[in-house]
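Enquirer: Here it is, the structure, as structure tokens.
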Amino acid sequence: MKWIAAALLAVALVLLPFFAGDFYVNLASQMLIAAIFALSLNLLVGYGGMTSLGHASYLGVAAYMSALLTSRYGWGHGASAVFSILGTTAMAGFFGVIALRATGLGFLMITLALSQVLWGLAYRMSGVTNGDNGIGGLTRPMPFGISLDSAAAFYWFALIVASFSFLMMTVFAASSFGSSLKGVRDQPRRMAALGFNPWMIRWITFVYAGFWGGVSGLLYVYYNKYIHPTSLSTTSSAEALLGVIAGGSGTAAGPAVGAALVLLLKNYVSAYLDRWNMLLGAVFVFIVLVMPTGIVPGLTKLLQRRPR
Amino acid sequence: MTISRRQFVSGVAGAGFASLAAPNLAFAQGAGPIRIGLLAAKTGPLASGGIDMELALTMFLKERDSTLAGRKVELISADTAGVPATARTKAQELVEKNNVHCIIGPLAAFEALAIADYLTEKEIPTLGVAAAEDMTQRHPSPWFARVSSTSSQCAYPLAEYSVKELKYKKIVTIGDDFAYGHEMCGGFQRVFEDNGGKIIQKIFTPLATPDYGSYVAQVKSADAIFLATAGSNGFRFLRQFIEYGLKDKMAVIGGMTALDESVLRNMGDEALGIVTTSWYSAELDNPANKIFAPAFRKQFKYDPGYYAASTYVSGEVLEAALKATKANVEDKKGLMTAIRGSTVNTVRGTIKFDEFGDAIGDVYIRKVTRSDGRLVNSVIKDYPNVSQFWTYDKAEFLKNPVYSRDFPPAKNLEP
Amino acid sequence: MQFWIIQGLNSLSLGGLLFLLSSGFSLIFGLMRLANLTHGAFFMLGTYFGAISLRNYSGLNIWVAALGAGIAVAAIGGLFERLILTRLKTNPLGQVLVTLGMSFIISDACLMFWGGDSIPVPTPQSLQAPTRVFGFVFPTYRLVLVGCAIAAAIALYFLLERTRLGAMIRAGVDDRQMARAVGIPVSRLFTIVFCLGAGIAGAGGVLGGPILSAYPGLDGDMLPLALIVVILGGIGSLLGAFVGSFIIGFIYTFGSALFPELAYIILFLPMIFVIAFRPQGLFGRVGA
């Protein structure tokens, strides 16, 4: 039963561009990007118990690096993609060393501070980043010579990347390393006593999450063909965090669902409702009250209860 | 508001239906309504301007019974929230879901730049409000026309006026630390110094500056201070400027949004006497504005300013172009040519467009006075037909880099 | 010389403003272990209440408006705590979601009711004339604001150190389980403290109004400042919030004047160092 549903979902996702208009296909692409981003944040928040309010750093830096390398230095998309991801991952390694000195609210604040510094640099160093005007006129890559300029082509590209990302992150969480991460989240002292190195486990997770954040950033800049400092802002980080929590942190699918929900409210419902911000806030409050652990765990519980 | 809501909802529904029924059929003219998309930030920090933009355009269409050049019009209004990525999604929504024939807005440069490539690629005639210089200079788009002005277009006349009429010799500029502020200060500086004046200090304040105290305290003694601020920043700066007793020591002059009507309506006597420059004032004495400004005031209880006028003028330009093309909006190229080729008597006076799509029109030097108990921008001088290149040679002008924090270089700064 | 004196006074006045903003946040966090991300919105709501009431009732003065706004925001905060937060005591992620969600609701409601313009909070008539300090001119209201912050700090000190309620709060901050065990009504205490914290933010919003004005986005501008102050000073420490406010006031003021190119990051760099090397903050008793 579960497998049939999953297969149907997969078929529906693949075939979407055949029955939906460009606008909806593009909306779906944005959801896929937001889903990768949220899933990467979930590695920290959900499995690692590290609530980060600066995850937009990785999305933004990868996007900026790719934008600068391709548009200003004339690099090819392949090389700049590799370099951007490597650069972002290296940065995550460095940030991890700083941020992991703290836990709890301190960790949240230090990630926020680091991302604010990047945001400030992107804004202020207009000679490099073009400041508030952002970098426009970007192109999408052409993997194997296939143009991604149509809505459908980009969607399929994003779907492939997202599926692979989902797989890789789910495998990570389900692996023995993932178990030790959850152990460190719940019982750091006991884990240390058992001979694990909690700091190292957290750091590796931090870097891995930064890597996938960078991947989502690449897709983000390919999709928008434009990058602006707001992509690095606390608001972007907070939005992703809210998506993760609303969907269900620490679950495989929850963050994707939450991210999709935030995106839908922001980009779709807002066409019909001026007060969409208020609705967004009310939805968050509602979710917490009704399903304190998030949508996906909440619904799962509901569905499991029914047959019995 | 209720009416705009109804139009807006019916617009969305109508557009959805039309796109389902016949998405790609070429309409004969008069078949189906003209769909206009408005991109305005109705939430977030830019909301004040975005809301006025929507009010004025809705009013414009209502006055014409939602009919332009004999054809029904539907307005679909989208909230960009003042965020570039959202602006892009909303532009896609207007184009791909609502099949709009043309777009008006958005307001902020970064919103406009985020969607510029997309609208050019989709060949959507766009009547812009954003002031980013290069959109009509070094990176123009054939599908873009600007009914307002570039960031510095209105600063040029004020700079000349400051030297020649106000006899200022030394001026401090203060602006928001983003492209709009940089460009406006740069343009002001260039003309002011070319006329023999000196800019002795340039201050740029970060966008999110809750307390302007530390910036006010830095202001050096000069003949005047030039405010290149947008939204509420100028207003908050000015209040601190007065609190520190500086308004008695030096004059205040301002760019086109510093003391906009939307700012004045929340100010008191402290604003009196401040000289600013803009392509519009609610006090303008021309036939179109004699109808528009009082009607707007009657309906919404305050004067229209930069933001309201920008979409109203867009409407007027669009109407003229539609009349010229017999409302054949399906011919996008024809519509765009008509827009750019039009000479229109608008509420801001008569405007036409240069070959880059930027408006050439009068720029007014205004002074804050009190009239009927409210603060207004009285026009004290009219600079006719100001171009974005001012009096400079176009080719020479475009060889320079766009104005920035460091260009033109400041040579007269005092330590 | 003038530069140092004037900017020094500016730093003090900004510090005072920050204390009014952050003391409530610190109090709430200290007792409830709750990062109340609605705090910026409470502050903004206070500013709007002050701006609107002073605009509509010309006879009103700012002190009465601050008291009224404080009570109103405290009431809203109390309802929020009783109806929603109290169900989430062991769910920190849920708290993040709900407090941010609440701040979305409040800021959008402000936009809906009062539009997008910035609305001034007028400086009281009697304080409009600048004061001469060492021969330099300085806004009188800013000096009064520092006085307000000090008065608030003293009042809070007495409340915490000299009253029965304060003793209970301190007990709760130090050891919640123990406090409950000795019969302190912790749940009711939470509500009281949350009301108090929200109320200070609301009143502080009015008092900061003549400097800040009410505008959409004020909440987002202020919340990070509250977080920075509290992280620097030490969570749950009144002294920490007080000292932290003035330190941040000085860093912000002199930083933006002396190093304008660092204006965007000047507050965050020191914070990174503090958290990295002294995670409990300057005066914190417990790790963050």
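The values are calculated or read from the model by the stated rules, or taken from the named source; none is laboratory data. Every value quoted in this text rests on a predicted model; they were computed, and no experiment measured them. When we count neighbours, we look across all protein chains shown, and the Cβ atoms used for this are built from the backbone with ideal geometry, even at glycine. Ligands, DNA and RNA are excluded from the accessible area calculation, which covers all protein heavy atoms including side chains. Shrake-Rupley method; radii C 1.70, N 1.55, O 1.52, S 1.80 Å.
Enquirer: Using the Kyte-Doolittle scale, which helices in chain B average at least 1.0 and also have C-alpha atoms spread 30 Å or more along the helix axis, with helices defined as whole DSSP H runs?
Expert: Going by DSSP H runs, there are no hits.
Enquirer: Can you give me the Cα centroid spacing of region A:79-125 and region A:257-308 in angstrom?
Expert: So the separation of the two Cα centres works out to 29 Å.
Enquirer: Using helices alone, I'd like the mean residue ellipticity at 222 nm for chain B: each DSSP H run of four-plus residues gives -39500 (n - 2.57), total over residue count, nearest 500.
Expert: Computed mean residue ellipticity for chain B: -11500 deg cm²/dmol.
Enquirer: Same structure, new question: For every helix of n ≥ 4 consecutive DSSP H residues, a contribution of -39,500 (n - 2.57) applies; sum these over chain C, divide by its total residues, and give [θ] at 222 nm rounded to the nearest 500 deg cm²/dmol.
Expert: After summing the helix terms and dividing by residue count, I get -24500 deg cm²/dmol.
Enquirer: What does the charge add up to near B:A222, with Lys and Arg as +1, Asp and Glu as -1, over the other residues with Cβ less than 11 Å from its Cβ?
Expert: +3
Enquirer: Express in % the proportion of alpha carbon pairs of region C:101-227 at distances exceeding 22 Å.
Expert: Above the 22 Å cut-off, region C:101-227 has 55 percent of its Cα pairs.
Enquirer: Would you mind giving the total buried accessible surface between chains A and C, with a 1.4 Å probe and ligands, DNA and RNA left out, rounded to the nearest 100 Å²?
Expert: That pair of chains buries around 3400 Å² in total.
Enquirer: Quick check on chain A: helices-only [θ] at 222 nm, where DSSP H runs of length 4 and up contribute -39,500 (n - 2.57) each and the sum goes over total residues. Nearest 500, please.
Expert: After summing the helix terms and dividing by the residues of chain A, the value is -24000 deg cm²/dmol.
Enquirer: Let me ask something additional. Which whole number gives the average, over all residues in B:279-289, of C-beta atoms from other chains lying within 10 Å of the residue C-beta?
Expert: 0
Enquirer: If you don't mind, another one. Over the C-alpha atoms of chain B, what are the Rg and the largest Cα-to-Cα span, Dmax, in Å?
Expert: 20.9, 68
Enquirer: Using the Cα centre of region A:25-232 as the reference point, and only Cβ charges (+1 on K/R, -1 on D/E), how large is the resulting charge dipole? Debye, rounded to the nearest 20.
Expert: 420
Enquirer: In addition: If each of C:R164 and C:W4 carries a label point 7 Å out from its Cα toward its Cβ, how far apart are those two points in nm?
Expert: 5.2
Enquirer: Once you've got the GNM for chain C with C-alpha springs shorter than 10 Å, pick whichever of C:E261, C:E81, C:E161 has the biggest mean-square fluctuation.
Expert: The residue that fluctuates most here is C:E261.
Enquirer: Given a 1.4 Å probe and every protein chain left where it sits, what share in percent of the accessible area of the protein assembly as shown is carbon and sulfur?
Expert: 65
Enquirer: Rank A:P255, A:L279, A:V161 by how far each Cα sits towards the positive end of the charge dipole of region A:151-308 (+1 on Lys, Arg Cβ; -1 on Asp, Glu Cβ) and give me just the farthest.
Expert: A:P255
Enquirer: Something else: With the cut-off at 1.5 for a/c, could you classify region C:203-288 from its C-alpha gyration tensor as rounded, prolate or oblate?
Expert: Cα axes put region C:203-288 in the oblate bin.
Enquirer: Just report the Cα centroid separation between region B:93-146 and region B:250-279, whole Å.
Expert: Cα centroid of region B:93-146 versus Cα centroid of region B:250-279: 29 Å apart.
Enquirer: Go through region B:47-96 and flag every residue whose accessible area shrinks by 30 Å² or more with all protein chains in place compared to the isolated chain (probe 1.4 Å).
Expert: Those residues are B:S48, B:D79, B:P84, B:A85, B:T86, B:R88, B:T89, B:K90, B:Q92, B:E93, B:E96.
Enquirer: Now for a separate question. Work from the charge dipole of chain A (Cβ charges, +1 for Lys and Arg, -1 for Asp and Glu, about the Cα centre) and give the residue of A:S147, A:G106, A:L27 farthest towards its positive end.
Expert: A:G106
Enquirer: Helices from chain C with mean Kyte-Doolittle at least 1.6 and a Cα length along the axis of 27 Å or more, per DSSP H: which?
Expert: For chain C, where a helix must reach 27 Å along its axis and average at least 1.6, the hits are C:62-83, C:186-212, C:238-258.
Enquirer: As I understand it, the dipole of chain C uses +1 on the Cβ of Lys and Arg and -1 on the Cβ of Asp and Glu, about the Cα centre. Which of C:L88, C:I169, C:V146 lies farthest toward its positive end?
Expert: C:I169
Enquirer: Taking a ≥ b ≥ c as the square roots of the eigenvalues of the Cα gyration tensor of the protein assembly as shown, is the shape rounded (a/c under 1.5), prolate (a/b larger than b/c) or oblate?
Expert: oblate
Enquirer: To the nearest 0.05, how large is the calculated FRET efficiency for B:L166 and A:Q304 if R₀ is 51 Å and r is the Cβ-Cβ distance?
Expert: Rounded to the nearest 0.05, the efficiency is 0.10.
Enquirer: Taking the simple approach of a point 7 Å from Cα along Cα-to-Cβ for both C:M178 and C:L262, what is their distance in nm?
Expert: It works out to 4.2 nm between the two label points.
Enquirer: Of the residues A:L232, A:L167, A:L41, which exhibits the maximal mean-square fluctuation in a Gaussian network model of chain A defined by a 10 Å Cα contact cut-off?
Expert: Per the Cα network of chain A with a 10 Å cutoff, A:L167 tops the list.
Enquirer: Round to the nearest 10 and report in Å² the accessible area of A:K266, as given by a 1.4 Å probe over the protein chains' heavy atoms.
Expert: The accessible area comes out at roughly 30 Å².
Enquirer: Okay, moving on. Counting partner chain Cβ atoms within 10 Å of every residue's Cβ in A:129-141, what's the average?
Expert: Mean inter-chain Cβ contacts per residue within 10 Å come to 5.
Enquirer: Determine the distance separating the Cα centre of region A:158-217 from the Cα centre of region C:1-31; give it in Å without decimals.
Expert: 41
Enquirer: Residues with beta-carbon under 13 Å from that of C:T90, excluding C:T90: net charge, scoring Lys, Arg +1 and Asp, Glu -1?
Expert: It works out to a net charge of +4.
Enquirer: Rank B:R366, B:R190, B:R146 by mean-square fluctuation in a GNM of chain B with C-alpha springs under 10 angstrom and give only the top-ranked residue.
Expert: In this elastic network of chain B, the residue with the biggest mean-square fluctuation among B:R366, B:R190, B:R146 is B:R190.
Enquirer: Can you give the mean number of other chain Cβ atoms that lie within 10 Å of the Cβ atoms in peptide A:118-127?
Expert: 5
Enquirer: At 1.4 Å probe size, what's the solvent-accessible area of B:H182? Round to the nearest 10 Å².
Expert: 20
Enquirer: Would you work out if region A:171-275 is rounded, prolate or oblate? Take a ≥ b ≥ c from the square roots of the eigenvalues of the alpha-carbon gyration tensor; rounded if a/c is under 1.5, else prolate when a/b is larger than b/c, oblate otherwise.
Expert: Verdict is prolate for region A:171-275.
Enquirer: Hey, another quick one. Would you check the accessible area of A:Y64, probe 1.4 Å, heavy atoms only, in square angstrom rounded to 10?
Expert: 20
Enquirer: With a cut-off of at most 14 other beta carbons within 10 Å, and DSSP calling the residue loop, which chymotrypsin sites (Phe, Trp or Tyr not before Pro) in region C:113-171 qualify? Please list them.
Expert: C:F134
Enquirer: Can you give me the accessible area per residue for region A:25-232, using a 1.4 Å probe, in Å²?
Expert: 35
Enquirer: Work out, step by step, the length gained on full extension between A:A192 and A:M168: first 0.36 nm times the residue separation, then minus their alpha carbon distance; give nm to one decimal.
Expert: Between A:A192 and A:M168, full extension yields an extra 6.0 nm.
Enquirer: Quick check on the protein assembly as shown: of the DSSP beta bridges with both residues there, what percent are antiparallel, nearest 5%?
Expert: 45
Enquirer: Can you compute the charge dipole magnitude of chain C about its Cα centre, using +1 on each Lys and Arg Cβ and -1 on each Asp and Glu Cβ, nothing else charged? Give it in debye, rounded to the nearest 20.
Expert: 780
Enquirer: Something else about it: Which value, in debye to the nearest 20, gives the size of the charge dipole of region B:178-277 about its Cα centre, when Lys and Arg are +1 and Asp and Glu are -1 at the Cβ?
Expert: I would put it at about 200 debye.
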